[in-house]
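Report on the following structure.
The values are calculated or read from the model by the stated rules, or taken from the named source; none is laboratory data. As the structure is a computational prediction, the values presented were derived from the model and not from experiment. In this analysis, Cβ positions are derived from the backbone assuming ideal geometry, glycine residues included, and neighbour counts consider all displayed protein chains.
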Amino acid sequence: MGIRHPGHPDAAAALDPAVAQAARGIGAAVAMRLVELAPALRPAQDDGSEPDLLIEEVALDPPDPLDPVTLLACLQAHDSYVATRGRPTGASPGALALARVLAWAARAEMLGRAPRIAWIGPPARRPDDVAGTAITASVRMSGPTGDVRAAAVALVS
């Protein structure tokens, strides 16, 4: 089943088709970076089916609202990434968290000077010797076995 967003069953429906296409383009570029980072996929259920996770929250700190363009870019990046990993209906909360940071950076680049990401990954692996401002994405999803959380940190300059 993969991941679903309760408020946006079709994230592209509220967008002009050209804007939706641009958001998907951002997502495709972000997916290529996700392939390099290789976040884990949730294991399949005991019956072999994919997990069914409902997105409860996708947040960024410092705060940046999750608008429909960014949401669509993140969902596209996630879906492309899990498909590349051979599980087109799989779920990767870590990939969604990383996608949120990377989509933020891609959109910032469109508005001016691109933020340079010196390091990106899970908070537990954050290096002490890399300088930069921390941009943190957190994801909370609910599923049949309870909440699933993931986070990603980017150190930017």
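Restricting attention to segment 112-143 and to residues that are of a type in the set (Gly, Ala, Ser) and part of a strand (DSSP E or B), the residue that is surrounded by the most Cβ atoms within 10 Å (Cβ to Cβ) turns out to be Ala137.
Selection of first residues in segment 141-157 that are under 16 Å from Arg125 (Cβ atoms) and in contact (Cβ under 8 Å) with a residue 40 or more places away in the chain and of second residues that are of a type in the set (Lys, Arg) and not in a strand (DSSP E or B), restricted to Cβ pairs under 8 Å at least 6 apart or on distinct chains, gives the following pairs, ordered by first then second residue: Ala152/Arg100; Val153/Arg126.
One line per residue, one yes/no per condition, for (1) among the charged types (D, E, K, R); (2) closer than 16 Å to Ala105 by Cα; (3) modelled with pLDDT under 95:
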residue: Met1; (1), (2), (3): no, no, yes
residue: Arg4; (1), (2), (3): yes, no, yes
residue: Ile26; (1), (2), (3): no, yes, no
residue: Pro65; (1), (2), (3): no, yes, yes
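Would you call Ala105 touching a residue at least 12 places away in the same chain (Cβ under 8 Å), outside any helix (DSSP H, G or I), surrounded by 16 or more Cβ atoms within 10 Å (Cβ to Cβ) and in contact with a Pro (Cβ under 8 Å, 6 or more places away or on another chain)? Judged against the criteria, Ala105 is not a match. For the criterion of being basic (Lys, Arg) and in a loop (DSSP other than H, G, I, E, B), Arg100 fails.
Reported count of residues in segment 54-96, each being over 23 Å from Val19 (Cβ atoms), crowded, with 23+ Cβ neighbours inside 10 Å and in contact with a Ser or Thr (Cβ under 9 Å, 6 or more places away or on another chain), is 1.
If the condition is being at pLDDT 95 or above, surrounded by fewer than 22 Cβ atoms within 10 Å (Cβ to Cβ) and not in a loop (DSSP other than H, G, I, E, B), then segment 28-53 contributes Ala28, Ala29, Met32, Arg33, Val35, Glu36, Leu37. Residue under question is Thr70, and the condition is that it be of a type in the set (S, T, N, Q), out of contact with any strand residue (DSSP E or B) (no Cβ under 7 Å at 6 or more places or on another chain) and at pLDDT 95 or above; does it hold? Considered against the rule, which asks whether it is of a type in the set (S, T, N, Q), out of contact with any strand residue (DSSP E or B) (no Cβ under 7 Å at 6 or more places or on another chain) and at pLDDT 95 or above, Thr70 comes out as no.
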